[in-house]
Amino acid sequence: MTAAQAREPALGTGIGLRACHHAAVMTSPPRVGFLEIHAENYLGGGSARRCLDRARRDHPVSVHGVGLSLGSAEGLDDHHLARIARLVREVEPMLVSEHLAWSVAGGVYHNDLLPLPYTEESLEAVCANVQRLQEALGRRVLVENPSTYLRFAGSSIPEEEFLLAVAARTGCGLLLDVNNVHVTATNHGLDAAAYIDRLAGAPVGEMHLAGHHVVQEEGVTILIDDHGSAVSDAVWALYARAARLFPQAPGLVEWDSSIPALDVLVAEAHRADAVREVTHAVAA
Amino acid sequence: MPSLRELQRDFSAAVLGGAAEPAAASVLEDRLPPEQRLQVYRNHVRISLREALAATFPVVRRLVGEGYFATVARPFVLAHPPKSPVLADYGAAFPAFLQAAPNAPAYLADVARLEWALNLAYHAPDAPALSAQNFAGLAPDAYATLRLVPLASTTLIASPHPIQAIWRANQPDRDATVDATEAQTVLVWRATDGDAACRVLAPGEAAFFGALIAAASLGEAATAALAIDPAFELPTAIAGLLAEPLFQAPQGGTL
């Protein structure tokens, strides 16, 4: 490992900013590297926007879209793209990211990150949408690997290769969600560590950590990416592996259901900092 | 293999109450039947949209209970799926849907309208509000013909039920004891602290604001209010409408 690769990341681990923590964040800024917002939750004004403006004074902010539907065959929604572009202009975030997924068809939204077949046709659709997004924002975005519960029979490209191709063709970076790798790999009987290793050298600009829950379907273990619990041991191990490969990419802890007190999220972010430090110390 | 566009239409149908077979035919069979893997998405879409409604209409859910709420949310979600990726935009049609729901209490739809108005007030974009400065230099005889435009965050709801009392009694820290029985007209707005607010209007005030929001002039609104309440005083009412951000500031700053 070269000296440059072993350098500490520029930022400590961040946490996702959620409405239930607005009051706490306004009262006392949490000691974390940065705050990440879901773009779609901050398109209005009022107290949510005031909290965001306050957060911007205390922390770098990252804007994470959940509704642009980069995988839509129908292309991006002009109105929504314009709203997101305006938010990004106003917030001047350190990073902007979205998902390798789709959420709208025929004008109907599903409030979910739905899976894509990994084909040349999908690759062209995703690249066109990512390019359009980057042009509208005038900046590079990161595209996140999804959690999936099914694969399509017609898929011909492994997911990690698909992501690498999107990055190569559009110049975008990647957001490596380590929990999503674990969930997807488990749900499809794939090797999560090998998935991460195959991304070595990829332009990973951020990593996500979150909890999932476990269900049994006819004796098959299915992991559900609900962001509703602490990060699992398996995901911490994968995170250490990913932190070695992408020492510059800041981590972020997400919690979206059964959200605990702010302190619990901050403690999880500090644990992620500690995992990185140990990983980098060993690597050096 | 269908085109990506066809596959996304098939998938959408499968998760929102249509036939699952076309989408299932594209899914890889891997230890579980394709239908069962699709079911994970179907469950998530429906549950997350029901939870989105519950987040916007928490008092409605408390009033009818978890079970009834799920029973009424399910057909609503399938008949009125979101047309926007912004969850705060979801549910505009829910009050009218509740109006027609079997066995729903008579006041339920109006309580839902109040919750929707509070949701609009909370999420509306920031915009400059009418203030006393906008009236500076205005000749006294010009007041009567002024027409004011409400902010996107301002709504008036007239109900034959005590909806604000019901709403207040069913906040998380309250025991659901309702202390009113009369019809209530409720003004909803976004307060200067950035949060949604609401209050019950007296009959004259209700007529006044109702007329203004329906684009009547200040003079016409005052006439409507006086017809209901002979003691209605226009200066007091104007002071009241300037005390909170209710109406839009005029273009250029002068009325």
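The values are calculated or read from the model by the stated rules, or taken from the named source; none is laboratory data. Treat the numbers as computed from the prediction; the structure is a model and nothing was measured. Cβ sites come from the backbone with ideal geometry, for glycine too, and all protein chains shown count toward neighbours. Only protein heavy atoms, including side chains, enter the accessible area calculation; ligands, DNA and RNA are left aside. Shrake-Rupley method; radii C 1.70, N 1.55, O 1.52, S 1.80 Å.
Are any of the residues in the range B:88-103 surrounded by fewer than 19 Cβ atoms within 10 Å (Cβ to Cβ), modelled with pLDDT under 95 and not aliphatic (A, V, I, L, M)?
Within the range B:88-103, one or more residues are surrounded by fewer than 19 Cβ atoms within 10 Å (Cβ to Cβ), modelled with pLDDT under 95 and not aliphatic (A, V, I, L, M).
A quick yes/no check of all residues on (1) open to solvent by 30 Å² or more (accessible area, probe 1.4 Å); (2) closer than 30 Å to residue A:79 by Cα:
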{"site": "A:150", "(1), (2)": "no, no"}
{"site": "A:156", "(1), (2)": "yes, no"}
{"site": "A:166", "(1), (2)": "no, yes"}
{"site": "A:169", "(1), (2)": "yes, yes"}
{"site": "A:194", "(1), (2)": "no, no"}
{"site": "A:200", "(1), (2)": "yes, no"}
{"site": "A:214", "(1), (2)": "yes, no"}
{"site": "A:235", "(1), (2)": "no, no"}
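Being within 15 Å of the chain's Cα centre (by Cα) and either surrounded by fewer than 21 Cβ atoms within 10 Å (Cβ to Cβ) or outside any helix (DSSP H, G or I) (or both) narrows it down to one of A:98, A:121, so name that one.
Result: A:98 is the single residue among A:98, A:121 that is within 15 Å of the chain's Cα centre (by Cα) and either surrounded by fewer than 21 Cβ atoms within 10 Å (Cβ to Cβ) or outside any helix (DSSP H, G or I) (or both).
Scan the range B:89-106 and report the pairs whose first residue is more than 15 Å from residue B:61 (Cα to Cα) and whose second residue is surrounded by 14 or more Cβ atoms within 10 Å (Cβ to Cβ) and among the aromatic types (Phe, Trp, Tyr), with Cβ atoms within less than 9 Å and a gap of 6+ or a chain change.
B:90/A:109; B:92/B:116; B:93/B:76
Looking for something under 17 Å from the mean Cα position of the chain (by Cα), at positive phi and outside any helix (DSSP H, G or I) - is there at least one such residue anywhere in the range B:90-103?
The answer is yes; a qualifying residue exists.
Which of the residues belonging to the range B:110-123 are closer than 17 Å to residue B:192 by Cα and open to solvent by 10 Å² or more (accessible area, probe 1.4 Å)?
B:118, B:119, B:120, B:122, B:123
Residue B:130 versus (1) within 14 Å of chain A (Cβ to nearest Cβ); (2) within 19 Å of residue B:212 (Cα to Cα); (3) among the hydrophobic types (A, V, I, L, M, F, W, C): which is the lone unmet condition?
(1)
For the range B:1-87, please list each of the helices (runs of 4 or more DSSP H) lying entirely inside it that holds at least 3 residues being of a type outside the set (D, E, K, R) and open to solvent by 20 Å² or more (accessible area, probe 1.4 Å). It would help to see each step written out before you state the result.
On the way: elements: B:4-15, B:21-24, B:34-56, B:58-79.
Here the list reads B:34-56, B:58-79.
Every residue in the range B:181-206 that is over 15 Å from residue B:124 (Cβ atoms), open to solvent by 20 Å² or more (accessible area, probe 1.4 Å) and not hydroxyl-bearing (Ser, Thr, Tyr), please.
Once the filter is applied, which keeps residues that are over 15 Å from residue B:124 (Cβ atoms), open to solvent by 20 Å² or more (accessible area, probe 1.4 Å) and not hydroxyl-bearing (Ser, Thr, Tyr), the range B:181-206 yields B:182, B:183, B:199, B:200, B:202, B:203, B:205.
Within the range A:216-232, work out how many residues are on the phi > 0 side of the Ramachandran plot, open to solvent by 40 Å² or more (accessible area, probe 1.4 Å) and within 18 Å of the chain's Cα centre (by Cα).
Count: 0.
Results for (1) touching a residue at least 40 places away in the same chain (Cβ under 8 Å); (2) basic (Lys, Arg); (3) part of a strand (DSSP E or B), shown as yes or no for each residue.
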site: B:138; (1), (2), (3): yes, no, no
site: B:143; (1), (2), (3): yes, no, no
site: B:157; (1), (2), (3): yes, no, yes
site: B:177; (1), (2), (3): no, no, no
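Does at least one position in the range A:99-116 carry a residue that is touching a strand residue (DSSP E or B) at 6+ places or on another chain (Cβ under 9 Å) and in contact (Cβ under 8 Å) with a residue 60 or more places away in the chain?
Yes: the range A:99-116 contains one or more residues that are touching a strand residue (DSSP E or B) at 6+ places or on another chain (Cβ under 9 Å) and in contact (Cβ under 8 Å) with a residue 60 or more places away in the chain.
Could you grab me the full set of residues in the range A:125-162 that are among the acidic types (Asp, Glu) and closer than 30 Å to residue B:32 by Cβ? Full working, then the answer.
Of all residues in the range A:125-162, those among the acidic types (Asp, Glu) come to A:135, A:144, A:159-161.
Correct list: A:144, A:159, A:160, A:161.
Which count do you get for residues in the range A:235-252 that are part of a helix (DSSP H, G or I) and in contact with a strand residue (DSSP E or B) (Cβ under 7 Å, 6 or more places away or on another chain)?
3
Could you list, in sequence order, the residues of the range B:29-63 that are without any contact (Cβ under 8 Å) to a residue 24 or more places away in the chain and touching a Phe, Trp or Tyr at 6+ places or on another chain (Cβ under 6 Å)?
B:37, B:40, B:61, listed by residue number.
Taking the criterion of being open to solvent by 10 Å² or more (accessible area, probe 1.4 Å), more than 25 Å from residue A:184 (Cβ to Cβ) and facing chain B (nearest Cβ under 8 Å), would at least one residue in the range A:50-58 satisfy it?
yes
Would you pick out the residues in the range A:67-88 that are touching a residue at least 24 places away in the same chain (Cβ under 8 Å), more than 7 Å from every other protein chain (Cβ to nearest Cβ), surrounded by fewer than 22 Cβ atoms within 10 Å (Cβ to Cβ) and not small (Gly, Ala, Ser)?
A:76, A:77, A:81, A:83, A:87, A:88 - these are the residues of the range A:67-88 that are touching a residue at least 24 places away in the same chain (Cβ under 8 Å), more than 7 Å from every other protein chain (Cβ to nearest Cβ), surrounded by fewer than 22 Cβ atoms within 10 Å (Cβ to Cβ) and not small (Gly, Ala, Ser).
Do any residues in the range B:198-219 that are polar (S, T, N, Q) have Cβ atoms under 8 Å from those of residues that are open to solvent by 30 Å² or more (accessible area, probe 1.4 Å) and outside any strand (DSSP E or B), where the two are at least six apart or on different chains, and which pairs are they?
The qualifying pairs are B:217/B:144; B:217/B:145.
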